[in-house]
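No value in this document is a laboratory result; all are computed from the given coordinates. Because the structure is a prediction, the values reported are computed rather than measured. Please note: Cβ atoms are built from the backbone with ideal geometry, for glycine as well, and neighbour counts cover all protein chains shown.
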Amino acid sequence: MAIKSGPVLSRAPSTDLSKMQTLNTIAALRDLLKGSRREGKRIALVPTMGNLHQGHIRLVETARREADIVVASIFVNPLQFGANEDLDSYPRTLAADQEKLTAAGCDILFAPGVSEVYPEGQDNQTLVEVPGLSDLHCGASRPGHFRGVTTVVCKLFNIVQPDVAIFGLKDYQQVAVIRKMVRDLCIPVEIVGVPTERAGSGLALSSRNGYLSEQELAIAPLLQQTLQQTANAVRNGNRDFATLEEQAQQALEAGGFKRDYFRILCRDTLQPPESGDVRPLVILAAARLGPARLIDNLEI
Ligand code: PAF
């Protein structure tokens, strides 16, 4: 099926995987994947919410190297948005996304509607929750967010049954939460994290950058610069993490951001290091700039 004139939603998929197919039902997707699975093909899943940029394309390219069949999903998951968040305004650009996925070598796009994923309604959905980790950092600023993420990702894993799933490391905590879910629930899928794709300015690519004005876009790289400065201070032996975190928050505020959080943490637990701790560190940060909440991170 050629993707030439806008979104095409197929109900009776062909078994020909030489062209990308777009499917919107679980039954059609399972049917299509049956043959590949029987032939022992390795299947990769790239879960997304669409409005694809170069960061997502890197995920698809990684999937292409990792597996025989690449499935991408586009689903703006209402369960992971808070009441006052941007669910309604989140950009939906299916036709452009289909073109990008086709060019990147994706085999199947799964683009279900809300009633396909939550047929009994969101309030009647069995939930998947990773305790502890889901309540920290982004989870503290966005209560219930990670429960929405783990619920939909668990469903996608059950629908697609991929051998490997690819996620961007810009959402560092999300990847940690999903890894724990997979371990705790014994889900047989390998999780691969892909380094963050950046603009020349250092700004991490994100669909939410589209909310920024030209002036805000010029300010936004300060988030990554502040992460770099803090990391350099730690590398130079400064272990006064509380002061470094506060200085970083003040630098961001002086630049025009509103503070959310800025934390130096152990990579393995995403908890603050203890004194004398020699475990590898990561800095996680989130800050508001105009209408957007931006996140970024840096492994030290
Ligand atoms: O990272 C995202 O785009 C979303 O959180 C995900 C993993 C697709 C789940 O909706």
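Summary table below
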{"read-out": "Within a Gaussian network of the chain (alpha carbon springs, distance under 10 Å), most fluctuating of Leu284, Leu109, Leu212", "value": "Leu212"}
{"read-out": "Ratio Rg/Rh, restricted to the chain and using Cα atoms, in which Rh is the Kirkwood radius", "value": "0.98"}
{"read-out": "Cross-link reach list, lysines versus Lys155, counting only Cα pairs under 24 Å and skipping chain neighbours closer than eight places", "value": "Lys34, Lys41, Lys170, Lys180"}
{"read-out": "Candidates per GluC sites (Glu not before Pro) in segment 17-86, loop by DSSP, up to 14 other Cβ within 10 Å", "value": "Glu39, Glu85"}
{"read-out": "Stretchable slack from Gln122 to Ala242, in nm (0.36 nm times residue separation minus alpha-carbon distance)", "value": "39.2 nm"}
{"read-out": "Calculated FRET efficiency for the pair Val114/Asp31, C-beta based, R₀ 22 Å, to 0.05", "value": "0.55"}
{"read-out": "Coordinate range along principal axes, alpha carbons of segment 69-204, Å, largest first", "value": "38, 38, 34"}
{"read-out": "Net lengthening on full extension, Asp68/Thr269 (0.36 nm per residue, minus Cα-Cα)", "value": "69.0 nm"}
{"read-out": "Acute angle (nearest 10 degrees) that the helix 241-255 long axis makes with the longest principal axis of the chain, alpha-carbon atoms", "value": "80 degrees"}
{"read-out": "Shape parameters for segment 224-266, alpha-carbon atoms, Rg then Dmax in Å", "value": "10.0, 29"}
